[in-house]
Structures are given as C-alpha cells and as structure tokens.
Amino acid sequence: MREIVEKISLTENCSKEDICAFVESVIPQLTTEEKIGIMSGQITEKKLLDDLFVIEHYNVAPYPTMEVERLGLPNVRFVDGPRGVVAGSATCFPVSMARGATFDRELEEEIGKCIGAEVRAVGGNYYGGVCINLLRNPRWGRAQECYGEDQYHLGEMGAALTRGVQSQNVMACVKHFALNSIENARFKANVQVDMRALQEVYLPHFKRCIEEGAASVMCAYNAVLGKHASESRLLLRDILRDQWGFEGFTLSDFLWAVYDGAKSVKAGMNIEMPCVAHYVEDIPKALEDGRLEEADLNEAVGYILRTTLYYETRKDPQSYGPEVLACPEHIKVARRAAEESMVLLKNDNNVLPFDKAKTKKIVVLGELGDTENIGDHGSSKVHPYYTITPFRGLMKAMPCAEVLYNDGKDIEKARELAQAADAVVIVAGYIHCDEGEYLSDRADIAEGEMGGDRVSMRLHSRDVDLIHGLKDVNPNTVVSIIGSSAILIDEWEKDVPAILFSFYSGMEGGNALADILFGDVCPSGKLPYTVARTEEDYPFFDPDCTEITYEYYHGYCKMDKENKEVAYPFGYGLSYTEFKIGNPELEICNDTAKLVVTVENTGKVKGADVIQLYIGCEGSKVDRPVKVLRDFARVTLEPGECKRIALSVKKDQMAYFDEKANEWKTEDIQYIAYVGDSSRNCELQKVKFRF
C-alpha cells in the first residue's frame, strides 16, 4: 500500500480533509461493479467452509475486499481473532474473558499493540476481534470471546484493545452489533428489548469504543425488534451514525448475516463479508428497479475508502516482518496476561502457594491436565506453534521435583498417587466441544464438533467424581478450573481447600499456572461476572429460541435488586497478601465526583488489587439498580507500600434514558459511592454526595 499511496498523491500522515477531498474526486471515476467490489468480500463460500472444516485453518490468510488497482485504491484485508491473530502461527493470548479478569487497561492496550503488529505481519490491515457483547447468562457458548457481564467494564477493556490495535495502523472492528449473546440460536433469534434497556445496558460499551475511535463495526446475526441486525436502520443509522456520530464503516457478520442486499445497503450496512454473495447479486437489480440509487453506493464506498485510506497513510511505528509473529516480546505479554487473569476463589489454611522447598513430588490429575486447551475451535481459533499444558508447566517450574500425570479415570489409582504426593493439582473444566462457536445448523458437520451454548453450568461428572473421590486424601490439593465464565461448584466446593479459576489461558497458560501455584506470582485476577448459587438466578436462557426478551437486569445488578445471595460476587478474587483500603476522600468539581482512597499492602508479598467504584441513586424518578460500576483501578504494591488511588464518575454517566422523550436525562438527586475490591455490598465503603 505504501507504493499505492504515492500513485494517488496522498502523503504520509496526510489530513482527514485531504483524504475526504481525494475520495470525493475518485468516487465518480468508479464503475458500479467496482463500487460493489469495494463493498464485498472476495472469497467464495466454498473457500470459507473449506478453511473451517477441510484444512481446519479458517482465515489462514487475510480475507480481502476488492482492490481497485487502476485508481490506486487499497482494499480491506480482514484478520479475525479475539485471543490473537487467526492467520499464520501467531501468539495465542488468554481469551478475552480471562483478560477481562485482569481489570488492566494498560495490559489490554499492550495486547492490542501486539495483535495489531501481528495482523500487519500476515498482510492484514483490519482486525475483527474487539468482541464486546454482554454476558447475560454464563451458558452463552461464546462467552470466552467477551470481557464479562458489566457494560462499563466491557467498554473500558474494548476501548483499550482498540487503542492498541489501531496504534499499529490496523483498523479495529467492534462486534457484534448488537444484542448477540445466544450462540445456537444466533441465526434465528429475534431479540425484543425496550429502549431504556437497549440504551443503558446493551449499547454503552459499543458507544465507548466508538468514542475511542474504532474504525469499524460488525453487525450481529440475530434480529433486533423484528429486523435483521444487518437491516436495522435503528442500529446502523439512528443510533450508530446519528446519535454517536460514527464515521467509520460497517460490515456484516460472515456469510449468513445478509438476507436482502438492497435492504442492508439502505439500512447502512457498508460491506458484505467475506464472500461474493448478496451484494453482487442484489445491488444491480435494485439499481434497475429503483430500490437503490447510485448515491447509496457512493455513501457506503465513501465510508470505506475514507477510513481505509486514513490508516493506510499513517506512518508506521515499527516494521512488520514475519519475525513479529509469536516473537519473544509478545509471548512475554501473553504470559503476563495469563498470570494476571487467574482468579483465586478459595484458599483455606493458606494451602497456596505450595512450598517449593518441601514439594518433592507433584501429581497432576484429570483429563485436561495435559491437554492443549486454548479455547473455542471456531473463528477465534489461534494456531500457536506451542502450547504449555498444566502438567508441562509444572514440570518446567519444578525441574528437581518428581511430577506425575494421570487422567484420573481410575479413582483408586488417583487416590494412591495423591496420597504419596506433596502437592495435588486437579485440572477440571471444559474444552471446545463444551462451549464455543456453533455452526451445525448452517454447515454440514456433526453436532458436537463445535460446542455451542453450554448444556450445563456444572462440571462434567468425570471431574466431580474425581474431586469427590480425593476428598481428605491430601491436604495440599488445589482444583484448577478451565472454562469461559461462571461454573457452579457448590456440590464439591467443600471437598477441596483451594480453587483457582484459570480460564482458557493461552499458549503460556501452563507456565502461568505453575507461577501462581508456587508463589512466583501472586494471584490478582477478579471475576468479571457473578457466580450465582443456582442457575435459576440468572436471566432466562433458551439456546433454541426464535424470539426472546432481553431484560434490563442481569448479573450483579439483578442479584442486588432481588437480594440474592451469590457464591462469588462480581469483582471478587483472593490474593496471597492482604490489602487495606482507607476511607474515601470526596471532591466534587464540574459535575465530576472524585474519590481518593489510600491502598496499603499489609501482607508479606508483592501483590495487586483492583479497587472498584460503584454508584447508586437515592430518590430517582425511575427504577434504578442498587449500584453500577463506574470506575476501577488496578494497583500493584510491595509489602508495606501505600498508594493513593483516584476514581471518578461524571454526572452524565449516571443519566437514564427517557423512552418517552427519546433522550438521556440527568437528575439532581443524592448519589451513593461504593468503594471496595468486589461488588459484595457488606464489604464496600459508602459515601453519599450530590453533583
């Protein structure tokens, strides 16, 4: 593209005004066929399905739109992957949900920089991996691709990834717009939602990423209020363009999101990806019979070219040779992400960390103990050149110890091994067959090859039986759980002294697990979702629905509103050290409430905590949640060290959406600030204030 830029006389780092002027001059020179090509992916449906199910490497190379060489116009070159670059053999980071558990904006931006560089290294200029759909119910099959249940947290993490990716002159795609959180029914579900819930709950995180400058937005497969998302003027024009001022381009989800090309173009869907399909067939006919005008194509092409040319003409911060893929620096970031993400749920009698000096024999039990398990095998599957399993990570960390592995199918054998060990690590949880992308009803494949929505929120009987079978056998026992989101563990939780939720932790996951188990790293992950006591406490979930209503309340807001006891609250996670959070100091200035707290590490090891700010309302005209997250800060402290942490909320962040007036309204009422390191009410400090 650098040679192409010279042909069209756009200079490096040229202004948006120059790019707009150029695009206005070049659009009249395009033929209708070229415009449709710019608006269409250029691979065949057979190629896409072969990539998925024959060669089993989807997106092995970037999926392009048309490049108009005679005018020097670049194309869009799509590369997928929420947990890393799908093309090539790239760095596999922990899944997005795991990274959500870090509550670390700076780290997520750094991950974005790594991913952006690797997109460039494989020839791409567009990254389709900023997945910020909201987790309504943990059974959602693609929960692992998003960051959690809270819209503020989703927006902050998505914005951080967007910043990082786009710093490498790669266009970031935010997806799936909108209301996509059921996998099996994603092609047929019609989601009903009231305008207040839509604006306050299901869209703020998308708006946050648009404010951060996201270049592109991908529509969802599902319908919204009776309209396919790819044909929803409400979403694509009224909200995205008119309300939020979005200037980038939109594109369809892949292959089966577009039903009527003309309706999609009219609604504001700019690119159909990744195949030559409806647009090529429908647009010429629609132009002939007057359902579309050339101006409709010009509008879409304008959005695409202005955005693409802007990123293609920026000065690169580095070079992007093949050596960038899975380079040592990126792998180091992946390991740090895995270490920061793991959540210590239970640690009775300070069983963890294990004592290196006293641990001479370790046994790893469970079918997943030596399985390369990085998550879903659908469109987010990364192909790293190695993956460290829990067993191999422990072998590497403890070279002088005897480390044994057994799949645990023979309970008596497992008991025998556990009795003779100094430390026991049971690895339980899920693989891609249990949860992930689902295509069985669209592609001719056997069900079960790709997981879809979770059948159960509990572990497999093989894992539960193993845990029960080892009860009281060895006091130095930990269960490491692999999965995407909340798993109910009440039937066995009391049988083990320590539980660590490890997520799908990427290519370095086994090393990170060993770091935490033996105290080289202090656990600091915080749950980005609520673990309820029963499945019935979550919103209604039907993976085979054709119509469903998304409610206003879900997650910790639902649990608070209904006064439900939870097993583990949103934002919860233990540490090997202790933190003392001082009384919040409040300052109000220019409709912003600033709260400053002193955080002290009162323990004996270095550690990190996540300080969270929730805001509640008193005397509101409308029904409100008890509290909502409005800021958070991750702080790392040496033993005995103190830091002052500032958190803030603006008055307009507490506005509600008035459905009758179709606008946001703020209230001059009393607010309550809740400060602490989880959403559990009894552990939060409270300060009342007015803006």
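Quick notes
- Within the range 237-266, tally of residues that are touching a Ser or Thr at 6+ places or on another chain (Cβ under 7 Å), among the aliphatic types (A, V, I, L, M) and free of Cβ contacts under 8 Å to residues at least 40 places away in the same chain: 2
- Criterion applied to Gln612, Gln685 was being polar (S, T, N, Q) and touching a Pro at 6+ places or on another chain (Cβ under 9 Å), and the one residue passing it is Gln685.
- Among residues of the range 390-407 being of a type in the set (Gly, Ala, Ser) and in contact (Cβ under 8 Å) with a residue 60 or more places away in the chain, the one that is surrounded by the fewest Cβ atoms within 10 Å (Cβ to Cβ) is Ala397.
- Count - residues of the range 609-636 that are small (Gly, Ala, Ser) and either in a strand (DSSP E or B) or open to solvent by less than 20 Å² (accessible area, probe 1.4 Å) (or both): 2
- Of all the criteria given as (1) over 30 Å from Asp194 (Cα atoms); (2) among the aliphatic types (A, V, I, L, M); (3) open to solvent by 10 Å² or more (accessible area, probe 1.4 Å); (4) under 26 Å from the mean Cα position of the chain (by Cα), the one not satisfied by Ala334 is (3).
- Of the residues Ser485, Ser480, Ser505, the single one that is open to solvent by less than 10 Å² (accessible area, probe 1.4 Å) and in a loop (DSSP other than H, G, I, E, B) is Ser485.
- Index of the failed condition, Trp140 passing every other in (1) touching a Pro at 6+ places or on another chain (Cβ under 7 Å); (2) assigned to a loop (DSSP other than H, G, I, E, B): (1)
- When we screen Glu536, Glu587 for residues that are part of a strand (DSSP E or B) and either without any contact (Cβ under 8 Å) to a residue 60 or more places away in the chain or of a type in the set (D, E, K, R) (or both), the only hit is Glu587.
- The single residue among Ser167, Ser264, Ser181 that is closer than 20 Å to Pro82 by Cβ and either more than 18 Å from the chain's Cα centre (by Cα) or not hydroxyl-bearing (Ser, Thr, Tyr) (or both) turns out to be Ser167.
- Exclusive hit being at pLDDT 95 or above and either among the small types (Gly, Ala, Ser) or open to solvent by less than 10 Å² (accessible area, probe 1.4 Å) (or both), set Pro584, Pro523, Pro543, Pro497: Pro523
- All conditions but one from (1) under 30 Å from Met273 (Cβ atoms); (2) open to solvent by 40 Å² or more (accessible area, probe 1.4 Å); (3) of a type in the set (Val, Ile, Thr) apply to Thr387; the one that does not is (2).
- Inter-residue pairs, beta-carbon under 7 Å, first farther than 21 Å from Tyr310 by Cβ and in the range 50-78, second polar (S, T, N, Q), 6+ apart: Asp51/Asn59; Tyr58/Ser379
- Being among the aliphatic types (A, V, I, L, M), over 23 Å from His176 (Cβ atoms) and surrounded by 14 or more Cβ atoms within 10 Å (Cβ to Cβ) holds for only one residue in Leu10, Leu52, Leu48, and it is Leu10.
- Failed criterion for Lys606 (all others in (1) touching a residue at least 40 places away in the same chain (Cβ under 8 Å); (2) open to solvent by 10 Å² or more (accessible area, probe 1.4 Å); (3) more than 29 Å from the chain's Cα centre (by Cα) hold): (3)
The values are calculated or read from the model by the stated rules, or taken from the named source; none is laboratory data. All values derive from a computational prediction rather than experimental measurement. We place every Cβ from the backbone using ideal geometry, glycine too, and count neighbours over all the protein chains shown. These area figures cover heavy atoms from the full protein model, side chains too; ligands, DNA and RNA do not enter into them. Shrake-Rupley method; radii C 1.70, N 1.55, O 1.52, S 1.80 Å.
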